[in-house]
Amino acid sequence: AQIRYSIPEELTRGAFVGNIAKDLGTDVAKLAAANLQVLSDSDSQYFSVNVNTGVIMVSERIDREQLCGQNPRCFLHLKLAIENPVEFYRIEVEILDINDNPPEFPGDEVSLRIYELASLGARFPIQPAQDPDVGTNTLQTYHLSANENFNLNVKARTDGGKFPELVLERALDRELRAFHHLVLTAEDGGSPPQSSKTHITIQVLDANDNHPVFDRPSYGARLVENSPLGTLVVKLNATDVDEGPNGDIRYSLSSHNSAALRQIFAIDEQTGEIRVQGNLDFEEATVYEIEVEAKDMGSPTMEEHCSVVVEITDVNDNAPEVILTSFSSSLSEDAPPGTVVAVIHVRDRDSGEQGKVQCHVSPDLPFQLRKDYEHQYSLLTSTRLDREHVAYYNVTVSALDLGSPPLSRHTILPIALADVNDNAPQFEHESYEVLVAENNPVGSVLVTVSAADPDSEQNSRLSYSILRAGGTDPGLDPTRYLSIHPTSGQVSAKFPFDYEQTTYLQFHVEVSDGGSPALRNRTLVHVFVVDQNDNAPQVHFPRAGEDSATQFRISPSTTPPALITKVVAIDADSGRNAWLSYHLVEATVPGLFSVALRSGEIRITRALQETDASAHELLVVVQDAGEPPLSTAVTLVVLVEEKGPEALQGSEAQAADSGGLPTITLYLIVSLVLISTVSLVGLAALGVRCL
């Protein structure tokens with residue numbers, strides 16, 4: 001949208017310019033909430049806006065003549081920026097001229113020397129008055145005081161300037177009157193009009209009665225800007241019919257020309273050649289009007305004036321300019337496509353096609369340019385952004401004009417992406433398997449779980465915790481046995497493990513980041529407790545007190561290999577730690593009895609003799625296969641007595657009591673084999689997984 005206001009210059013600070021809320025049809029509260037800002041194309045901030053009322057006011061003194069000089073129209077361009085969503089409105093404020101400057105002559109007095117033989121109609125230019133105002137407020141007319149010999153002619157230039165000339169209407173007679181005193185008044189068109197005066201003193205001279213004459217009243221030339229120094233503009237030609245010094249002509253630039261023009265052009269006083277001696281810039285002036293005078297060398301000197309109009313042709317000598325009206329160097333990575341990153345204003349001081357500018361950015365970047373209107377572009381995101389993929393962009397905005405050859409300018413916009421918590425932590429492994437020996441020290445580290453989060457700063461700060469895994473025995477609460485360091489992920493034991501109570505434990509470790517909201521992930525940890533030889537064998541048969549031995553009776557007629565009894569022991573450990581062996585350590589009569597290494601059966605090895613003792617004490621040691629091995633000893637007393645049937649029955653009863661023992665042993669052996677097999681398979685699988 002574009003709004004235009006008109007105000008006179010020299011308004012006081014705080015003067016009302018317009019109500020932007022009313023003109024846009026927008027509620028004032030909405031403008032205040034949208035962070036309304038006034039952006040000016042000029043270096044000074046001439047206007048301000050009251051966000052509470054929507055009124056634009058003058059904030060600095062505005063001098064139209066200082067801003068725009070003699071341009072007929074003077075504008076100040078503003079932009080109103082509104083956020084959420086981003087909108088821009090162009091405002092043109094036209095500065096109207098007021099009649100605050102009167103016309104001013106270069107001096108209070110002007111002296112002219114005119115020959116008495118000057119022909120009627122001769123013209124004598126007077127330095128014009130200058131009025132910095134424009135339009136009707138600028139210089140409009142001149143008035144000459146009443147006299148008999150001169151009339152006033154006002155010469156209008158192509159740029160609107162007015163130059164007074166005295167025109168000789170009646171022949172002069174020095175002998176009648178040697179001096180003429182006139183008053184020239186310059187008046188502008190303001191209301192009320194302002195004026196100034198200069199006094200003209202004319203001295204009438206005698207003799208040289210012919211002035212130089214140019215072959216044409218005006219000359220024209222065309223040059224390209226940046227023409228090299230010394231370039232010929234035009235060669236003037238003036239003639240004087242007088243002879244001798246009165247006909248010798250010298251050329252010069254008139255005093256009417258400005259000092260700036262005199263620095264750009266120079267004239268050869270002998271040949272009348274006008275050449276370039278300064279820089280020609282189309283952007284500063286498109287046309288120059290040079291006032292030239294030709295003077296003869298008579299006494300007094302006579303002169304003639306003509307004008308040379310020089311048109312400047314534009315060339316593409318100005319690269320485009322890129323101005324950042326609005327720019328944010330930090331952008332959230334979750335910004336949706338179409339988010340405005342920067343507002344760019346481009347301009348080229350050249351004209352025509354050479355002043356038209358096209359902008360573009362690299363298609364390989366996730367950004368694009370949108371042309372809002374002439375000379376303004378918006379830099380937008382074109383796709384989704386990912387800080388973890390690319391965290392920083394250097395976006396090069398290239399501005400290219402349509403000149404031949406084209407000129408360009410490149411501006412680099414550094415854009416950093418701000419992190420959002422869009423990545424959950426990831427463990428190094430989906431699950432962990434840990435082997436831990438029972439009776440481990442309290443506080444020992446069992447395993448260290450590790451996770452990574454590609455986010456940054458607070459969003460990547462991880463915290464670990466232990467959760468019960470599904471399918472776990474409800475009585476085995478992992479937090480009872482284990483603890484985890486919240487930042488390092490080290491899992492430690494609170495108590496020693498007992499294989500005989502717990503052989504396996506599984507639990508979840510959850511990791512959460514520090515984002516808001518936090519993102520989480522889990523991994524499953526399997527803890528296998530490895531058995532240690534920490535249990536000695538326990539003798540279940542025969543049962544005896546701590547200080548007593550179990551007695552068995554046999555008949556003297558017992559023959560080998562009769563079974564006397566069987567020692568039955570069980571080890572609470574598993575695997576090799578539960579493999580038992582039986583050893584006869586001491587006997588009253590060595591070699592009379594033997595113990596089976598694996599079954600524990602005690603048999604007589606030879607027939608009893610009369611010389612053998614009637615009581616035999618046997619010390620049997622039960623030892624496991626652990627490292628180091630643990631053992632238990634049992635003492636048996638075998639009595640040799642003639643009991644007859646009772647003794648036989650006692651033997652049969654003992655045999656009956658021990659009849660179930662081979663089955664128990666078989667079960668123990670099968671259990672040990674199965675446990676060992678499962679352990680070996682588990683260890684092999686763990687080794688393969690680790691490899």
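A few remarks follow.
- Any hit, segment 516-524, residues being over 26 Å from PRO628 (Cβ atoms), part of a loop (DSSP other than H, G, I, E, B) and either open to solvent by less than 60 Å² (accessible area, probe 1.4 Å) or in contact with a Lys or Arg (Cβ under 9 Å, 6 or more places away or on another chain) (or both): yes
- Of all residues in segment 152-188 being of a type in the set (Val, Ile, Thr) and more than 60 Å from the chain's Cα centre (by Cα), the one that is most open to solvent (accessible area, probe 1.4 Å): VAL154
- Among the criteria (1) open to solvent by 30 Å² or more (accessible area, probe 1.4 Å); (2) modelled with pLDDT of 85 or more; (3) among the hydroxyl-bearing types (Ser, Thr, Tyr), the one THR136 does not fulfil is (2).
- Per this entry, PRO192 is not counted among residues that are crowded, with 16+ Cβ neighbours inside 10 Å, over 24 Å from PHE214 (Cα atoms) and not polar (S, T, N, Q).
- First in segment 232-256 and farther than 30 Å from ILE312 by Cα, second anywhere and surrounded by fewer than 18 Cβ atoms within 10 Å (Cβ to Cβ) and not acidic (Asp, Glu), Cβ under 6 Å, 6 or more apart: ASP240/GLY247; PRO245/MET297; ASP248/MET297
- Of the residues in segment 209-219, at least one is at pLDDT below 90, surrounded by 17 or more Cβ atoms within 10 Å (Cβ to Cβ) and under 13 Å from MET302 (Cα atoms).
- Residues of segment 63-89 classified as assigned to a loop (DSSP other than H, G, I, E, B) and either modelled with pLDDT of 80 or more or open to solvent by 40 Å² or more (accessible area, probe 1.4 Å) (or both), total: 10
- Checked against the criterion of being of a type in the set (Asp, Glu), outside any strand (DSSP E or B) and either at pLDDT below 95 or surrounded by 17 or more Cβ atoms within 10 Å (Cβ to Cβ) (or both), the candidates GLU284, GLU311, GLU304, GLU293 yield just one match: GLU284.
- Scope segment 367-388; condition in a strand (DSSP E or B) and open to solvent by less than 50 Å² (accessible area, probe 1.4 Å); matching residues: PHE367, LEU369, GLN376, TYR377, SER378, LEU379, LEU380, THR381
- Per-region count, segment 29-45, residues at negative phi, touching a strand residue (DSSP E or B) at 6+ places or on another chain (Cβ under 9 Å) and surrounded by fewer than 19 Cβ atoms within 10 Å (Cβ to Cβ): 9
- Of all residues in segment 129-150, those that are on the phi > 0 side of the Ramachandran plot have Cβ atoms under 8 Å from Cβ atoms of residues that are at pLDDT 80 or above and surrounded by fewer than 20 Cβ atoms within 10 Å (Cβ to Cβ), 6 or more apart or on another chain, in GLY135/GLY189.
The values are calculated or read from the model by the stated rules, or taken from the named source; none is laboratory data. Since the model is a prediction, treat every value here as computed from it, not as a measurement. Quick reminder, even Gly has a Cβ in these numbers, built from the backbone with ideal geometry, and neighbours come from all protein chains shown. Just so you know, the surface numbers come from the protein's heavy atoms only, side chains and all, with ligands and any DNA or RNA stripped out. Shrake-Rupley method; radii C 1.70, N 1.55, O 1.52, S 1.80 Å.
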